[in-house]
1. Among the residues of region 275-305 satisfying the criterion of being among the small types (Gly, Ala, Ser) and in contact (Cβ under 8 Å) with a residue 40 or more places away in the chain, which is least open to solvent (accessible area, probe 1.4 Å)?
2. Within region 530-573, can you find the residues that are open to solvent by 50 Å² or more (accessible area, probe 1.4 Å), at pLDDT 85 or above and within 19 Å of the chain's Cα centre (by Cα)?
3. How many residues does region 399-410 contain that are at pLDDT below 75, open to solvent by 30 Å² or more (accessible area, probe 1.4 Å) and either within 16 Å of Asn459 (Cβ to Cβ) or not aromatic (Phe, Trp, Tyr) (or both)?
4. In region 1-24, what residues are under 16 Å from Asp272 (Cβ atoms) and not hydroxyl-bearing (Ser, Thr, Tyr)?
5. What's the total number of residues in region 164-193 that are more than 24 Å from Leu252 (Cβ to Cβ), in contact with a helix residue (DSSP H, G or I) (Cβ under 7 Å, 6 or more places away or on another chain), surrounded by 15 or more Cβ atoms within 10 Å (Cβ to Cβ) and acidic (Asp, Glu)?
6. Look through Leu325, Leu366, Leu431, Leu355 and report the one residue that is in contact with a helix residue (DSSP H, G or I) (Cβ under 8 Å, 6 or more places away or on another chain), modelled with pLDDT under 70, among the aliphatic types (A, V, I, L, M) and at negative phi.
7. Name the pairs: first residue in region 236-251 and over 14 Å from Asp271 (Cα atoms), second residue open to solvent by 50 Å² or more (accessible area, probe 1.4 Å) and at pLDDT below 90, Cβ to Cβ under 7 Å, at least 6 apart or on different chains?
8. Those residues that are among the hydroxyl-bearing types (Ser, Thr, Tyr) and buried (at least 19 other Cβ atoms within 10 Å of the Cβ), I need them from region 74-101; list them, please.
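The values are calculated or read from the model by the stated rules, or taken from the named source; none is laboratory data. From a predicted model like this one, the values you see are computed outputs, not experimental measurements. Because the Cβ atoms are built from the backbone with ideal geometry, glycine has one as well, and the counts that use them run over all protein chains shown. Surface areas here come from the heavy atoms of the whole protein model, side chains and all, with no ligands, DNA or RNA. Shrake-Rupley method; radii C 1.70, N 1.55, O 1.52, S 1.80 Å.
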Amino acid sequence: MRAIYILLLIAITSMAAGLHWASIAYFKSQEIEKASARLTLHRNTLLSEIRHFAHLPFLLSQDPVVTDTIDAQDSSELDRRLARFAQSAGLDAIYLMNSQGLTVSASNAARPTSFKGQNYAFRPYFQEALRGELGEFYGIGATTGIPVYFYATSVRAPETGAEGVIAIKVDLSELQDNWQASGERIILANEDGVVLLASEPSWRYRTLGALSDGQRERIVASRQFGAEPLHPLSWAADTSEQTASIGGEELLYLRTGDLPNSWSLHFFAPDDQVATRAWLTTGTFLAVILMAFSAFQVSRVRRMRTALIRSEREETELRLANERLAIEIEERRVAETNLQKTQTELERAGRLAALGQLASSVTHELGQPIAAMRNQLAASEMTVGPTPLNEKMQGLVARMESITQQLKFFSRKGRDSFETFNLVDAIQDALELLEPSISARAAEVEFDPQKSKHPLVANKLRIEQVITNLVRNALDAVESASLKRIEIASGSTSDLVWFEVADTGHGLGNKSLDELREPFATTRESGQGMGLGLTISAGIVADHNGNISAKNRSEGGAVFRVELPKNQTKQTV
């Protein structure tokens, strides 16, 4: 019997060791998959940031005021125009240089750090633009010292034939600050292996490998990194194992080189969860074995005692043994429940990761067309001056940009500030936005804005987004109904502000609110919607410490109710 126990112990130990290493490999693959999704998101965000203004130099080069100022004595008018355009487009600077590289006009002419009078002929983007190419260049601002990206194109005066270069300067420091604030570890390096941007300040302007003399001479000639010594970064990577050691810490490591200018993006993720979850799995296995062994021993003792004596003492001991067994079974049920809960959370995390990739793709694909519209409007304003139509279109473009920013809800928290406003005003703004959809469906919307005022402290734009999503869902629900009516009500208590959106549509069916708020869940027919409205709305309400509920109406249709705290401390969400 003793030999059997020893063999059984050896077998269990071998199985536990094998399970532990298999768990490490499995959970590591999961962490790498999540890290890959985050790397893709950061890559798309970076591409959107640097390609956002790529077409602007060409537009500016066609401006008659720009071409006439190349060899003009007075550039004050162009200085003011460039300043207005830079402020409207969100650029760090716009400046015009003559054929010798001397800056003759700049948007920051009125500042102490003005580029006006500075000579940038040494910059590669200036030389590329003079050759008729689109000049692109990353560097540390020669005047400001911040990480920036330059675009430049040539300018030619049609009458005098004078040549010059118009350049824009895009500040990348906010992107770098966002990386640092996210808590993730990211490095952007150029083709020479020099770190351009990094979430860790100590990694910036380090090199991933040794630089040759020729590389250093070229970098010094372009003044790309100012006076930075470009010391090597203390790190080592094992691409086959997808791990890296940096600063003495072992991390998971992924990289992508699918970027302009032969840049590469490096992503580091901690692997502590891998070991923790592997040990938890092994521990669960051993606990199950221990419980099975304990159950076997209890059963064996029970049979032996039943065969030997039928005394009251044996019955008492058996009763106690049964109670202990019941406790063990309950503990096992609790463990199984917790495991199922963990699996459900992992499935939801996977869906949200996929949704984060989708949100990144949508914002990337829409970002440049919207930016092009804004820049065309700005160029029109510079050419013909402000018009009511131009101002209205700029407002619509700004709203489109704000809405696309909401999709970033799934990748990180925003920075929208709370403000004090009237809920009734937010409802009216949402209805005004949806007026074309309401008219198209011939729906009747009942809402009385004169009943009362309901002030609250929240982010107005995001609350409008919740109202818009709920009303849009109601419009979709009543589209095929004989009675197309939507009723909106609002009210408040001493500490809450609430509103309800009721419709005469098909109702919730047999689905609960928790099922409908899952990403891509919808009661509409295939192709009629992605099922993201309730997911976004539920997240916004949760960020405001509120509650959203839904139920079917007895007379048909559904009603959604949102409750929000009235007097929250002003913050950002």
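1. Here the residue is Ala278.
2. Ala542
3. Applying the first criterion (at pLDDT below 75) to region 399-410 yields 399, 401-410.
If we keep only those that are open to solvent by 30 Å² or more (accessible area, probe 1.4 Å) as well, we get 399, 401-403, 405, 407-410.
Keeping just the survivors that are either within 16 Å of Asn459 (Cβ to Cβ) or not aromatic (Phe, Trp, Tyr) (or both) gives 399, 401-403, 405, 407-409.
Residues in region 399-410 being at pLDDT below 75, open to solvent by 30 Å² or more (accessible area, probe 1.4 Å) and either within 16 Å of Asn459 (Cβ to Cβ) or not aromatic (Phe, Trp, Tyr) (or both): 8 in total.
4. The answer is His20, Ile24.
5. 1
6. Leu355
7. Partner pairs satisfying both residue conditions: Gly247/Ser234.
8. Hits for region 74-101 are Ser75, Tyr95.
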